[in-house]
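Below: one structure, written as structure tokens.
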Amino acid sequence: MKHHAPFLVALTALAAGSAVAAPTVTRLTPPSELFSSGRADPVIARFLPGQRFDLQATIKPDAGQKISAARYFIDGKPVAATVALRDCASGCVKGLAAETAIATVRAVSSEAAGRHEFSVEATQADGQKVVAKGNFEVVPFTTAMGPKVKNLIILLGDGMGASQRTAARIVHGYAQGKALQPLAMDSFTATALVKTSSLNSIVTDSSPGMTSYVSGNKNNNNEEGVFPDDTVDAFDNPRIEYLSEYLHRTQGKQLGIVTTADVFDATPAGNAVHTSNRGAGTGIVDQFFDDRAHTGLTVLMGGGRKWFLPAGTPGSARTDTSDYAFSASDAHTAEIVKRWGVSAGSLDKGRDLIQEFQSAGFSYAATKADLDKADAARPLLGLFAFSNMNVALDKINGRRGSEKNGLGGASVVEDFGLPDQPMLDEMAAKAIGVLKHSPKGFVLMIEGASIDKQAHNMDTERWMLDTLEFDRAVRVAQDFAAEQGDTLVIVTADHECSGAALIGGSVVTDAKLAELAGKKGVANLRNSVVGVYEKAGFPHYRIAADGYPETTDIDYRLLVGYGANADRYEDWRTKKTPQRDVQQPFATEAPLKWYPANAQERDDALGDYLVTGQVPGEQAVHTATDVPLSAYGPGALAFTGVIDNTDVFFKLAQAAVKGVVAPADTSGSRKPPKPKR
Amino acid sequence: MRVPFLLALAGLFGLPTAWAAQPVELAFGDFFVQPIGPRGLEPTERLKAASGHEVRLVGFMVQREQPQAGQFFLTPRPVAMAEHADGEADDLPAATVTVLLPEAQRDRFVAHQGGPLTLTGRLEYGPAEDATGRVSWVRLRLAPDALEARPSAAAAPSSH
């Protein structure tokens with residue numbers, strides 16, 4: 001961060017008139033414009049009444065000096081809690097002098113509504129003092145017009161912007177401009193447009209994208225449930241209490257997390273885990289388990305089994321380098337344990353986490369068959385893959401017994417050794433089946449993760465089918481909410497991915513397209529294929545009984561362009577993994593090409609249709625474009641307008657804690673309309 | 001003197017001393033018992049027997065957003081990775097092989113190549129954590145002549 005000397009008041013320096021020296025505060029947390037620029041607006045950090053967060057300051061003393069004490073004040077009143085003071089002799093980011101001090105108070109909160117000013121006063125060993133100020137806001141609950149909702153369901157289509165939603169609807173079919181079968185998410189009663197920026201970029205990644213919805217605050221990219229700091233420890237950052245933790249602590253609600261990704265991935269972890277390194281897999285999954293009494297974690301499902309197997313068990317990815325252990329003696333981290341009431345963690349790569357979940361009473365499912373059998377009266381751990389689960393298109397092909405086109409004649413899921421993976425809607429139904437036994441209600445996050453991951457790959461058909469899979473999970477949640485009448489459901493995205501745009505339709509049959517793909521080149525694959533405006537017509541995908549297209553390689557298909565793309569070679573056809581009938585010699589055995597470091601260029605010397613990317617590298621990227629959010633259930637109409645991603649948190653909490661402030665739909669009804677099926 | 005001379009050469013280039021032996025033909029499906037059971041992977045006798053020996057393996061070079069010098073991943077299916085956004089929440093199968101260039105070539109980036117590749121090298125089975133913290137279970141150490149003699153001017157197109 002870059003700031004701020006003009007706004008710091010070096011008290012003693014002023015008093016003594018000693019020109020040179022004074023300690024300075026280089027970072028003050030929670031982040032504020034008041035500290036960074038001196039402007040009181042906009043207020044960056046906002047909290048619910050009583051929602052807990054950490055205070056932290058980084059203080060640079062004069063050369064040869066050290067910081068001997070620090071105190072915090074909120075609205076001029078001293079904060080009555082231990083200030084943990086550490087230096088930067090080790091463990092701080094590069095560039096910080098060893099005598100730099102970090103002063104932290106853990107788990108403070110304020111009940112009083114409105115804007116608050118807070119300050120840190122640090123004292124140098126020679127008696128000089130520095131004071132720095134910031135602000136935050138406590139957003140009050142408002143008078144309700146209806147009862148509290150018991151359950152909150154957040155459906156998060158990762159990377160799912162408006163284009164991804166529209167594409168899925170088009171695959172369901174159109175006739176004369178009207179959708180034959182709207183998506184379940186299209187039938188939600190209210191929609192808002194969400195601003196997705198993170199604390200440090202207009203373009204967020206999935207960590208702050210998720211945590212803004214469930215903490216009310218902006219995080220830095222790659223960080224979840226924490227504010228940035230100046231140490232290298234990934235687990236010691238200033239924390240912000242999550243929706244799950246707040247509602248478990250104040251109301252006893254349970255938490256469910258369901259994803260098609262590895263469960264340690266940013267979106268699932270961003271509901272229950274506090275870390276500045278979204279990649280710290282071992283520590284992240286340990287925290288899921290160790291702090292389950294803190295978050296109410298009752299259901300955890302997805303991929304990522306590699307993090308749960310003891311190091312030494314084949315397939316395990318557990319390491320001490322991606323784990324954490326808080327010190328019992330250093331107050332900097334010991335106070336996390338003491339004040340937040342959470343586990344200290346330990347470097348225990350040999351831990352058998354599946355066994356520990358089972359010993360704690362969880363059912364464990366490794367396959368869909370296990371999932372079907374799991375006792376809904378018990379908490380549930382489901383780990384269906386070693387990393388991300390396979391995507392919908394490949395899972396469906398596995399179920400259909402089609403596309404057995406691997407090197408050995410197997411399907412994709414067979415080649416991954418995991419032929420019996422559940423679909424997201426099946427996981428969602430089971431999660432709800434378990435969580436509905438929670439007497440105080442639940443918070444459930446369901447993520448369609450590979451909409452994003454396949455958009456990164458610019459693999460059009462795979463993200464379209466993952467969006468369809470996700471919408472089937474939306475339908476499960478909506479049906480539950482319609483039946484219950486006390487459940488608020490939102491469906492949204494953390495950000496858009498790839499700048500996908502539905503540019504039109506192919507003007508040729510698939511057979512012709514395959515022929516043109518063989519000929520390659522712009523003339524064949526662009527000029528002869530891409531139909532714009534009325535030439536696009538209405539692509540017609542035939543939906544099979546399993547809910548997915550019979551094939552994505554239809555005649556006159558939907559065409560997608562990418563505005564945030566890397567270079568790619570486009571032939572518009574569903575990306576195939578190899579065909580069995582490729583003539584031998586099947587595989588190249590020539591020497592491999594290589595580059596000196598940093599030379600990464602491509603050409604289209606082979607005559608392929610090269611679409612030049614606006615971004616470097618191999619992958620399409622996230623965009624800063626707003627994303628739609630749709631709501632269904634009591635209070636749904638509170639979700640309208642152009643809102644900040646952090647606003648969503650306060651709306652959800654209002655509905656759960658105090659009661660809804662808007663009707664369920666435009667008829668004014670408190671209960672949502674029954675969805676048409 | 002001829003044999004010791006060859007052995008010395010083999011040592012110099014990091015070749016296994018059994019360099020002249022015919023490589024064992026292995027397939028990804030040979031590595032672990034499939035389908036994978038409810039917990040970890042179960043290595044086959046074939047994998048364990050091949051460890052430390054020259055093998056020939058057909059697979060696909062993983063297309064990385066952030067390639068690492070001196071190595072690449074080989075998988076039974078084409079996989080692309082978006083490390084910047086996703087890190088280790090990746091689409092790699094459990095049987096992924098980490099392919100290592102010889103020590104002297106560890107600064108080189110291997111160009112991504114679409115389509116199946118046949119690679120020959122010395123197989124290693126067992127856990128190993130690399131500098132990035134990633135744990136590999138199966139590695140293939142390539143011979144010095146696995147790469148072209150000169151760097152390429154431009155990359156081959158990716159598969160689509």
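So for segment A:35-176: antiparallel DSSP bridges make up what percent, rounded to the nearest 5? Approximately 95 percent, going by the DSSP bridge assignments. A straight chain from B:GLU148 to B:THR118 at 0.36 nm per residue would run longer than the Cα-Cα distance by 9.3 nm.
Fully extended, how many nm does the chain gain between A:LYS535 and A:GLU550 (0.36 nm per residue separation, minus their Cα-Cα distance)?
So the chain would gain 3.0 nm between A:LYS535 and A:GLU550.
A cut-off of 5 Å between modelled amide H atoms, ignoring neighbours fewer than 5 places along the same chain, links A:SER198 with A:VAL203, A:THR204. Working from label points 7 Å from Cα in the Cα-to-Cβ sense, the A:THR612 to A:SER201 distance is 2.4 nm.
Between the helical axis of A:331-340 and the longest alpha-carbon principal axis of chain A there is an angle of about 70 degrees.
Couplings 3J(HN,Hα) for segment A:83-92, derived from phi with the Karplus relation 6.51 cos²θ - 1.76 cosθ + 1.60 (θ = phi - 60°), are 9, 7, 10, 10, 10, 10, 4, 8, x, 9 Hz, where x marks Gly and Pro. Computed from protein heavy atoms with a 1.4 Å probe, the total accessible area buried between A and B is close to 5800 Å².
Surface exposure of segment A:201-302, expressed per residue as accessible area with a 1.4 Å probe, stands at 15 Å².
With R₀ fixed at 51 Å, the C-beta to C-beta distance from A:ARG115 to A:LEU347 puts the FRET efficiency at about 0.75.
Each residue of segment A:286-297 is assigned a 3J(HN,Hα), and the resulting list reads 4, 5, 3, 6, 5, 9, 5, 6, 8, 9, x, 4 Hz, derived from the Karplus form 6.51 cos²θ - 1.76 cosθ + 1.60 (θ = phi - 60°), x at Gly and Pro.
For chain A, the 222 nm mean residue ellipticity estimated from helices alone, with every DSSP H stretch of n ≥ 4 adding -39500 (n - 2.57) and the total spread over all residues, rounds to -6500 deg cm²/dmol.
Residues of segment B:100-118 that bury at least 30 Å² of accessible area when the other protein chains are present, relative to the chain alone (probe 1.4 Å, heavy atoms, ligands and nucleic acids excluded): B:ARG108, B:PHE109, B:ALA111, B:GLN113, B:PRO116, B:THR118. Between A:ASP420 and A:ALA89, the FRET efficiency estimated from the beta carbon spacing at R0 = 45 angstrom works out to 0.25.
The mean number of Cβ atoms from other chains found within 10 Å of a Cβ in peptide A:362-368 is 2, as a whole number.
Among the residues of segment B:41-56, those with an accessible-area drop of 50 Å² or more from chain alone to full protein complex, heavy atoms and 1.4 Å probe, are B:LEU41. Taking 21 Å as the limit for the C-alpha separation, the pairs A:LYS349/A:LYS453; A:LYS66/A:LYS94; A:LYS178/A:LYS575; A:LYS436/A:LYS671 exceed it in the case of A:LYS349/A:LYS453; A:LYS178/A:LYS575.
How much length, in nm to one decimal, is gained on full extension between A:VAL642 and A:LYS519, taken as 0.36 nm per residue of separation minus their Cα-Cα distance?
39.6 nm
Distance between the pseudo-spin-label points of A:VAL337 and B:ASP107 (7 Å out from Cα toward the beta carbon): 4.6 nm.
Zone of A:SER359 (label point 7 Å along Cα→Cβ, backbone N under 18 Å): which residues in segment A:267-306? Hits in segment A:267-306 for A:SER359 at 18 Å: A:285-293.
Around the amide H of A:PHE384, modelled in the peptide plane, lie the amide H atoms of A:GLY302, A:GLY303, all under 5 Å away and 5 or more residues distant in sequence or on another chain.
When DSSP beta bridges are restricted to pairs lying wholly in the protein assembly as shown, around 65% turn out antiparallel.
Note on A:LYS674 and B:ALA49: their simple-model spin labels are 6.5 nm apart, each label 7 Å out from Cα toward Cβ.
How would you classify the protein assembly as shown from its alpha-carbon gyration tensor, with a ≥ b ≥ c the square roots of the eigenvalues: rounded for a/c under 1.5, else prolate if a/b is greater than b/c, otherwise oblate? Judged from the Cα gyration tensor, the protein assembly as shown comes out oblate (a/c at least 1.5, b/c at or above a/b).
Rounded to the nearest 10 degrees, what's the angle between the helix A:510-519 long axis and the longest principal axis of chain A, both from Cα atoms, 0 to 90? The two axes meet at around 80 degrees. For A:ARG249, B:ARG150, the ranking by accessible surface with the largest value first comes to B:ARG150, A:ARG249, using a 1.4 Å probe. Taking a straight line from the alpha carbon of A:LYS368, these aspartates and glutamates sit under 17 Å away, with near neighbours fewer than eight places off in the same chain left out: A:ASP262, A:ASP394, A:GLU414, A:ASP420, A:ASP425, A:GLU426, A:GLU469, A:ASP546. When cysteine pairs in the protein assembly as shown are screened for C-beta atoms closer than 4.7 angstrom, the residues that find no partner are A:CYS497. Sequentially through segment A:417-426, phi angles give Karplus couplings (6.51, -1.76, 1.60; θ = phi - 60°) of x, 9, x, 10, 8, x, 7, 4, 5, 5 Hz, Gly and Pro residues having no value and appearing as x. The C-alpha atoms of chain A define a longest principal axis, and helix A:206-215 lies at about 60 degrees to it. Here the protein assembly as shown has 53 percent of its accessible surface on carbon and sulfur atoms, given a 1.4 Å probe and all protein chains in place. Rounded is the label for segment A:205-363, because the ratio a/c of its alpha-carbon gyration tensor axes (a ≥ b ≥ c) stays below 1.5.
The values are calculated or read from the model by the stated rules, or taken from the named source; none is laboratory data. From a predicted model like this one, the values you see are computed outputs, not experimental measurements. For neighbour counting, all protein chains shown are included, and Cβ atoms are generated from backbone atoms with ideal geometry for every residue, glycine included. SASA here: full protein model, heavy atoms, side chains in, ligands and nucleic acids out. Shrake-Rupley method; radii C 1.70, N 1.55, O 1.52, S 1.80 Å.
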